[in-house]
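The values are calculated or read from the model by the stated rules, or taken from the named source; none is laboratory data. All figures in this text were calculated on a predicted structure; none of them were measured in a lab. Don't worry about glycine lacking a Cβ; one is built from the backbone with ideal geometry, like all the others, and counts go over all protein chains shown. Side chains included, ligands, DNA and RNA excluded: accessible areas come from the protein's heavy atoms. Shrake-Rupley method; radii C 1.70, N 1.55, O 1.52, S 1.80 Å.
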Amino acid sequence: MYVPLLDLRAQYTKLRDKIKKALDEVLETQQFILGPKVAALEEALAAYCGVDYAVGVSSGTDAILVALMACGIGEGDEVITSPYTFFATVGSIVRLKAKPVFVDITPQTFNLNVDQIEAKINSKTKAIIPVHLFGQSAEMASINDIAQRHNLVVIEDAAQALGATYKGRKVGAWGDMACFSFFPSKNLGGYGDGGMVITNKKEIYERVKMLRVHGAKDKYKHEMIGGNFRLDEIQAAILLVKLPYLDEWNKQRAKHADIYFSLFKQAGLLNEIKPPVVDSANTHIFHQYIIRASRRDALLSYLTKHGVGCAVYYPIPLHLQPCFRYLGYQEGDFPEAEKAAKETIALPIYPELTLIQQEYVVEKIKKFYANG
Ligand SMILES: *Cc1c(COP(=O)(O)O)cnc(C)c1O
């Protein structure tokens with residue numbers, strides 16, 4: 001048997017006719033940039049998240065970049081974020097010549113440890129970027145509280161968490177701004193790159209919209225220096241077909257997580273591996289299903305050899321990346337992020353995964369530990 005980490009074809013097979021029809025509509029209009037599909041997707045996504053405004057952009061990375069630009073982050077500014085995230089969160093800060101300041105994660109959720117944030121705030125601090133890692137919200141009430149007290153902007157990196165909730169409200173509706181990604185492997189994935197910035201603030205919305213088209217509100221009159229951060233009409237058309245299915249897909253993922261838990265328990269594996277922990281304030285959408293495993297690297301090669309797709313997100317925390325050496329961090333600075341990088345492994349969790357496939361994954365894990 002082969003159980004891939006992600007099977008996009010399973011989803012495409014079910015949606016093929018609708019996708020082809022939507023693509024055909026775009027081809028017939030011959031309008032490829034910022035047309036009616038992008039506008040419709042922006043409206044639908046804002047409504048879905050319960051916010052006033054959304055701006056479709058070229059990627060999740062560009063969403064973070066343009067969000068930071070829209071609040072004027074630049075040289076000399078400091079932005080607090082997690083060292084245990086995808087590179088884009090921190091890369092975007094540095095591209096604007098601002099300084100990323102890391103705060104360690106909590107071992108339960110892999111998200112920012114809110115008790116450690118305030119100690120890192122000084123007069124240069126301008127923003128906090130909480131990352132809702134693997135599909136589970138960071139502690140937004142505490143983060144907003146801290147931000148309010150210190151007059152900081154909150155930009156949610158919600159690239160992995162579209163549809164997740166915190167205290168009953170969608171992620172993305174908590175911060176001043178939030179960023180989403182439609183990279184094909186995300187829970188709502190396009191057929192190429194894409195992203196979205198959402199906000200309740202009109203001034204920010206206007207600025208992001210301008211920055212998306214080289215800082216021009218009226219054509220060829222540039223109020224600010226932006227970039228080409230536009231979302232393609234073709235991507236928007238595909239995403240509009242998929243969005244109505246998202247909640248069902250997210251529920252399927254959560255159901256698979258429950259099944260994994262029962263199977264691990266039945267197999268007596270809860271000493272060797274630690275399944276994900278969901279904070280009681282959260283609904284987790286399981287963008288990734290991440291376990292902690294003893295002898296992680298050996299398990300990874302064993303599963304790969306036996307046809308189980310798995311991966312490590314992320315093997316090197318950002319404070320230890322070669323390109324950030326100049327920041328002066330060392331091994332030991334963020335022990336929980338470093339521990340997570342050594343212990344975690346992602347298992348298949350996509351919506352169409354079958355019980356037989358899950359049983360196979362768990363059987364292989366059991367064999368691995370039984371063989372010592
Ligand atoms: C995927 C991702 C991004 C970047 O999105 P792209 O669309 O790939 O540019 C940013 N942050 C996190 C946490 C992500 O998972």
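When we screen I365, I345 for residues that are in a strand (DSSP E or B) and either modelled with pLDDT of 95 or more or within 16 Å of the ligand (Cβ to nearest atom) (or both), the only hit is I345. Assessment of segment 11-29 against the conditions (modelled with pLDDT of 95 or more, touching a strand residue (DSSP E or B) at 6+ places or on another chain (Cβ under 6 Å) and open to solvent by 20 Å² or more (accessible area, probe 1.4 Å)) yields no matching residue. Would you pick out the residues in segment 332-342 that are touching a residue at least 40 places away in the same chain (Cβ under 8 Å), open to solvent by 10 Å² or more (accessible area, probe 1.4 Å) and in a helix (DSSP H, G or I)? Matches in segment 332-342: P335, E336, K339, K342.
Suppose we keep only residues that are in contact with a helix residue (DSSP H, G or I) (Cβ under 7 Å, 6 or more places away or on another chain) and closer than 20 Å to V94 by Cα within segment 41-63. Which one would you say is farthest from the ligand (Cβ to nearest atom)? Ranking the qualifying residues of segment 41-63, first place goes to V57. Scanning segment 172-186 for residues that are closer than 27 Å to D7 by Cβ and free of Cβ contacts under 8 Å to residues at least 40 places away in the same chain yields a total of 0.
Summed over segment 118-173, the residues that are more than 14 Å from the ligand (Cβ to nearest atom) and either assigned by TED's automatic domain parsing to the domain that holds P317 or within 12 Å of the chain's Cα centre (by Cα) (or both) give a count of 1. When V66, V26, V79 are checked against the criterion of being in contact (Cβ under 8 Å) with a residue 24 or more places away in the chain, more than 16 Å from the ligand (Cβ to nearest atom) and at negative phi, V26 stands alone in meeting it.
Okay, residues lined up against (1) under 22 Å from the mean Cα position of the chain (by Cα); (2) closer than 13 Å to G135 by Cβ; (3) in a helix (DSSP H, G or I); (4) at pLDDT 95 or above:
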site	(1), (2), (3), (4)
L243	yes, no, yes, yes
E248	yes, no, yes, yes
A254	yes, yes, yes, yes
D258	yes, no, yes, yes
F261	no, no, yes, yes
K265	no, no, yes, yes
S280	yes, no, no, yes
D297	no, no, yes, yes
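Checking the structure you have, find out if any residue of segment 174-195 is open to solvent by less than 20 Å² (accessible area, probe 1.4 Å) and more than 16 Å from the ligand (Cβ to nearest atom). No: zero hits.
Of all the listed residues (Y360, Y329), the sole one being assigned to a helix (DSSP H, G or I), open to solvent by 10 Å² or more (accessible area, probe 1.4 Å) and hydroxyl-bearing (S, T, Y) is Y360. Restricting the search to strands (runs of 3 or more DSSP E) fully inside segment 34-144 and requiring at least 1 residues that are open to solvent by less than 10 Å² (accessible area, probe 1.4 Å) and touching a Lys or Arg at 6+ places or on another chain (Cβ under 9 Å) gives 53-57, 78-81, 99-102. All conditions in (1) in contact (Cβ under 8 Å) with a residue 24 or more places away in the chain; (2) open to solvent by 10 Å² or more (accessible area, probe 1.4 Å); (3) out of contact with any helix residue (DSSP H, G or I) (no Cβ under 6 Å at 6 or more places or on another chain) hold for P351, with the sole exception of (3).
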